[in-house]
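Okay, structure first, notes after.
Throughout, read-outs are computed from the coordinates displayed, never taken from laboratory work. These numbers were taken from a predicted model, which means no experiment stands behind them. So basically every Cβ, Gly included, is an ideal-geometry build from the backbone, and we count neighbours across all protein chains shown.
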Amino acid sequence: MSSYFRITLMRSAIGLPRRTHDVLKALGLKKRMATVFHPVSPSVAGNIMKVKELVEVQEVDRRLTKQEVHLERKPDPGYYVEKRSGTEMRESRRA
Amino acid sequence: MMFKPSSPLFSGLLWKIPWRLSAPQKARQRKRLRGVDRVVDTVSAALERNGYTTKSVERWYKEMPREEEMLPKDKYTLFDKKEKKYRKGIHKLPKWTRVSQRVNPPGF
């Protein structure tokens, strides 16, 4: 089973050597708090090791879409919409 | 009394870097060291699970001490041949919060 690296850029590479910027570009990290997914492989691991001081890494089972990553950070709205019991029942039956 | 020229008196604006780190700075330094350890551990575990090995990770484990294995001396200071007692604060290292500086010459 293949897994993925979930890489988030926590510290910017401003003022660091050109090579460091290039590694981040190769990983697809353009700004702070950006998250990318790459399959676990030695070359990606080598790239992560080059910028290990700047990123946070997790191993995950699948790539999340950009929207899913965004939704993780979305705060709880603090309310919920009540529905009529008939509508709720029809929805649950369809699911 | 004669005017004694010293750099803060001699020029106007002069940034003075304290010679040692404060306690919160040292705490944050330890946190960053642990963060790097965590990244390397995650990468290594993921590679192992998928049956790969990588030279850079192996080399890191062979050469670099972990945060808990390091002496306070190596966490907060680094070797400098021009200093008295051959040590200066790690915050004198350019970009010190974003580079790994863990080992020093043996005997210093």
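Using equal-weight Cα scatterers in the Debye expression, the normalised intensity of the range A:34-95 in log10 at q = 0.16, 0.17, 0.19, 0.21 Å⁻¹ is -0.74, -0.78, -0.88, -0.97. In square nanometres, what is the average projected area of the Cα convex hull of the range B:65-108? For the Cα atoms of the range B:65-108, the hull's average projected area reads 3.2 nm².
List A:TYR4, B:TYR61, A:TYR79 from most exposed to least, where exposure is judged by having the fewest other Cβ atoms within 10 Å. All intermediate terms of the calculation are to be shown ahead of the outcome.
Numbers: A:TYR4 19, B:TYR61 11, A:TYR79 6.
Ascending Cβ contact count within 10 Å gives the list A:TYR79, B:TYR61, A:TYR4.
Calculate, for A:ARG11 and A:GLU88, the FRET efficiency according to 1/(1 + (r/R0)^6) with r their C-beta to C-beta distance and R0 41 Å; round to the nearest 0.05.
Working: r = 47 Å, r/R0 = 1.14.
Efficiency for this residue pair is about 0.30.
Remark: C-alpha extents of the range A:1-45 on the principal axes read 39, 20, 12 Å, sorted largest to smallest.
In chain B, Cα pairs under 8 Å separated by at least six residues give a relative contact order of 25 percent. Computed from backbone phi, the HN-Hα couplings of the range B:44-60 come to 5, 5, 5, 5, 4, 4, 9, x, 10, 10, 9, 4, 4, 6, 4, 5, 4 Hz, rounded to whole numbers (Karplus: 6.51 cos²θ - 1.76 cosθ + 1.60, θ = phi - 60°; Gly and Pro given as x).
Among B:TRP19, B:TRP96, B:TRP60, which comes first, then next, by fewest other beta-carbon atoms within 10 Å? Provide the component values of the computation, followed by the final result.
Values: B:TRP19 9, B:TRP96 16, B:TRP60 19.
Going from least to most buried by this count: B:TRP19, B:TRP96, B:TRP60.
Projecting the Cα atoms of B:SER44, B:VAL103, B:TYR86 onto the dipole axis of chain B, where Lys and Arg carry +1 and Asp and Glu carry -1 at the beta carbon, places B:TYR86 farthest toward the positive end. For A:LYS52, the lysines whose Cα comes closer than 22 Å to its Cα, not counting residues fewer than 8 places off in the same chain, are A:LYS25, A:LYS30, A:LYS31, B:LYS26, B:LYS31, B:LYS55, B:LYS62, B:LYS75, B:LYS92, B:LYS95. Which Cα, out of B:LEU13, A:LEU27, A:ALA45, lies furthest along the positive dipole direction of the protein assembly as shown (beta carbon charges, K/R +1, D/E -1)? It is B:LEU13, whose Cα lies furthest towards the positive end.
Counting only Cβ charges, +1 for Lys and Arg and -1 for Asp and Glu, the dipole size of chain B around its Cα centre is about 540 debye.
Given Cα positions, please report Rg to Rh for the range B:1-91, the hydrodynamic radius being the Kirkwood one. Display every interim value, and only then the final one.
Values: Rg = 20.2 Å, Rh = 16.7 Å.
In the range B:1-91, Rg relative to Rh is 1.21.
The mean count of C-beta atoms from other chains within 10 Å of the C-beta of residues in B:38-51, rounded to a whole number, is 6. Ordered by the number of other Cβ atoms lying within 10 Å of each residue's own Cβ, fewest first, B:PHE3, B:PHE10 fall into the sequence B:PHE3, B:PHE10.
The charge dipole of chain A, taken about the Cα centre with unit charges on the Cβ atoms of Lys, Arg (+1) and Asp, Glu (-1), comes to about 360 debye, rounded to the nearest 20. Since only B:THR54, A:THR8, B:THR77 are under comparison, the one whose Cα sits farthest along the positive direction of the charge dipole of the protein assembly as shown, derived from C-beta charges on Lys, Arg, Asp and Glu, is B:THR77. Distance from the C-alpha centroid of the range A:32-94 to that of the range B:59-104: 37 Å, rounded to the whole angstrom. Over the residues of the protein assembly as shown, the helix contribution to mean residue ellipticity at 222 nm works out to -12000 deg cm²/dmol, using -39500 (n - 2.57) for each DSSP H run of at least 4. Over all pairs of different C-alpha atoms, the protein assembly as shown has a mean inverse distance whose reciprocal, the Kirkwood radius, equals 20.8 Å.
About the Cα centre of the range A:46-95, what is the dipole size in debye to 20, counting +1 per Lys and Arg Cβ and -1 per Asp and Glu Cβ, all else neutral? Numbers along the way, then the final one.
Details: 12 positive and 10 negative charges, 67 e Å.
Computed about the Cα centre, the dipole is about 320 debye.
Excluding A:LYS52 itself, what net charge comes from residues whose Cβ is under 13 Å from its Cβ, given Lys and Arg +1 and Asp and Glu -1? Once all neighbours under 13 Å are counted, the net charge is +4. The simple spin-label model puts a point 7 Å past each Cα toward its Cβ; for B:GLU58 and B:SER6 those points are separated by 5.5 nm.
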